[in-house]
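Colleague: Sharing a structure here in structure tokens format.
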Amino acid sequence: MKIKNILLSGVMAMSCLVANAQDAPKTEYVFNPHWYVQGQIGAQYTLGEVKFGDLISPNIQLGVGRQFSPIWGARFSVNAWQSKGGINIYSQDQASLGAKVGKEKFNWKYIAPMVDGTLNLSNALCGYNPNRVVNVGLLAGIGLNIGFSNKDAVALAAQRAAQGWNTGSENFDKVWDGTKVRFVGRFGANVDFRLSDAWAIGIEANANVLSDAYNSKKAGNGDWYFNALVGVRYNIGKTYTTRTITPPAPVEKVVERIVEKIVEVPAKAPESQFMKKATSIRREVFFTIGKNLINEEGYKKLDEVAAYMKECPEATVTVTGYADRGTGSAKFNDRIAARRADVVEAELIKRGVARDRIIKSSKGSRVQPFSDNDMNRVTICIAEDKI
């Protein structure tokens, strides 16, 4: 008999170790909305009819943004410096009339305040992870392009008028002077490389379209310029917090003690559903989103709690209501969690549990007993006997 006791004790000890390993607390990252600032420098290519290299100019961009969620954000930026254009010159000589004999290049200044919506594609597809090293994003926005200092194009237009240039298929008839304000649309993509919680370096490419005549030439369609930028980003404040999720305690299973002495039990002795050796039981009553209606499975669990309370007259039951953090405001979640605790308390009283044996509370969405968001729409009942 002693050997049997030793073996059984060993099995129970192993079971406890396995249970503890399975119920180890987990760390969960909670996103914090935050502001950030950004500085970038790069190059711009303005679409045109001369060589690619002749239309590349320097470009800078400064921005401030707000990350509202792990996926969505918004940014205000100012993009500025220089754009370039070019026009081909054709021969006026009768022997070679229309042959290209050269080209003229010109540049002008601009400043473009923009408002962009941003999408963190990595978080959208792979889930939120603040420690991810590489994050890929998309952006789209609208703003104004304020062009000025177009004196090179104005001078070329005057020269053309004086000398009677033949520009062939190129129409240099949209030359503008002074300051011009045009609407501009933008879309693009970015890749950020995390250095720390606060700092990241990144690259961005965006395409910008605005009305014809930006480059002083008539084309009958919108003009485009493309920016390639590299820069740094600084996040202001904490971008996330951590919390430890402890899995709910498993429902205790009753294990009969093995005794040396055989005790005779009357044949017709009634069997207890819970047996007096169970010091506590735990039951979870789950609800649907925004509701406090108990389903059939929930009524069965409350029947079990009431039965335990009847068999253990010294026991008390703690009833705690919760709401999930993923939906609803904090104020609404406080109300719905309290209502869930109320309906469970009312059902226990209907089943014969005295009100003074019930300890009721509500945690709203401030405490999340489960790592699965939807499971936190729950009222948890823990009945404990005073032994």
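Colleague: Using a 10 Å cut-off on Cβ atoms, rank the peptides 137-145, 194-202 from the highest mean neighbour count down.
Modeller: Per-residue mean Cβ counts within 10 Å order the peptides as 137-145, 194-202.
Colleague: Quick one: which of K301/K363; K151/K217; K310/K363 span more than 18 angstrom between C-alpha atoms?
Modeller: Result: K301/K363; K310/K363 exceed 18 Å.
Colleague: Continuing with the same structure: Roughly what would the spin-label model give for N129 and I289, points 7 Å off Cα along C-beta, in nm?
Modeller: That separation, rounded to one decimal, is 2.6 nm.
Colleague: Set the Förster distance to 22 Å, then compute FRET efficiency between L121 and V30 from the Cβ-Cβ distance, nearest 0.05.
Modeller: For L121 and V30, the calculated efficiency is 0.55.
No lab work stands behind these numbers, since they all come straight from the coordinates. The structure displayed is predicted, hence computed values, not measured ones. Neighbour counts run over all protein chains shown; Cβ positions are idealised from the backbone, glycine included.
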